[in-house]
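The values are calculated or read from the model by the stated rules, or taken from the named source; none is laboratory data. Note that the structure is predicted; figures quoted are calculated from it, not measured. All Cβ positions, even for glycine, are placed from backbone atoms using ideal geometry, and neighbour counts span all protein chains on display.
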Amino acid sequence: MVRKVRKSPLASPLVNQSSADESDEGSEAGEASALASASECENLQPTLGSFPSSDVGAPCRRDSTLLAGSRVGEHIARELRSIYEPIVAQPTPDRFIELLNRLEAGAIYREKVRAPEK
Amino acid sequence: MTERDPSTAENAGIKADLVSAIPALRAFAVSLCGNPDRADDLVQETLVKAWVGLRSFEEGTNLTAWLFTILRNIYYSDYRKRRREAADPDGAMAAKLVAPAAQPAHMDFLDFRAALQKLPPDQREALILIGASGMSYDEAAAICNCAPGTMKSRVNRARNRLAEMLALTDLRKATEESEFV
């Protein structure tokens, strides 16, 4: 099956995609339109670094029907969250704050930004 | 295309956005490499790379997902080689995640973690992105450089495989729990 090259919403020259494909399967054409609308929904509410919990967030962000749609799926989702949420809840180590302060202060320069065309 | 240096306000804004992404990044990094120290090193490298290359980030898209992609690429290009070289070829270390258990680990909890580690990496990663990190199928697919349909397949297979590994006792437990919901 020919694999289509999708225009990635995260497309950037910085991101040289590498892949851990061991069981790659072709895309399902029928999913495309459903996914497109889900993606539009998300773009209305870009979340920056938020870690969605089960009681918060736009409905279309948690598009995990394969997990939420069954008792087994719910169980697995619960177990996954119980592993990862404690990590997310940890206070951010100082080393990262210090790093970002140094970055902001110009210790490592950001590239120039695009300016709007006149 | 004209260019200018980022303003102080822009840098402050970017810094704030990156700070808020760190918890999710750390959790994802641990899910990839299983070692909390390496995970934090991965996050460090990701933050620097993101800062320097921020021009590549497309405004309005999910910054966290973009950061996940950078982190994942660093991991697969550098760290998998190192992990093979380390004395942990079966990922036994990866089974011990970073967070000390809030409660004493009971059998189900340990079984789930062990079962998770037995999944093929692409399935485990798919499950984590969708089920733990809250990414959409589109975002997870972009992070892993595959089609959303492929991502759904992986999640589906991961779920089914986990269900098999966890065996009937877990399914029964899940059934009992759901009756009280």
Exercise for the section: State which residue is surrounded by the fewest Cβ atoms within 10 Å (Cβ to Cβ) when the search covers only region A:98-109 and only residues that are of a type in the set (A, V, I, L, M) and within 7 Å of another protein chain (Cβ to nearest Cβ). Expected result: A:I108
Problem - Qualifying position, being within 17 Å of the chain's Cα centre (by Cα) and either modelled with pLDDT under 90 or at the interface with chain B (Cβ under 7 Å from one of its Cβ atoms) (or both), among A:V88, A:V72 - result: A:V88
Handout entry: Total residues in region B:11-57, condition more than 30 Å from B:F112 (Cα to Cα) and facing another protein chain (nearest Cβ under 9 Å)
Key = 19
Practice task
For region B:99-173, please list each of the helices (runs of 4 or more DSSP H) lying entirely inside it that holds at least 1 residues being out of contact with any Cys (no Cβ under 8 Å at 6 or more places or on another chain), at pLDDT 90 or above and of a type in the set (D, E, K, R).
Solution key: B:121-131, B:137-144
Practice task
Could you tell me which of the residues B:T69, B:T8 is at the interface with chain A (Cβ under 9 Å from one of its Cβ atoms) and at pLDDT below 95?
Solution key: B:T8
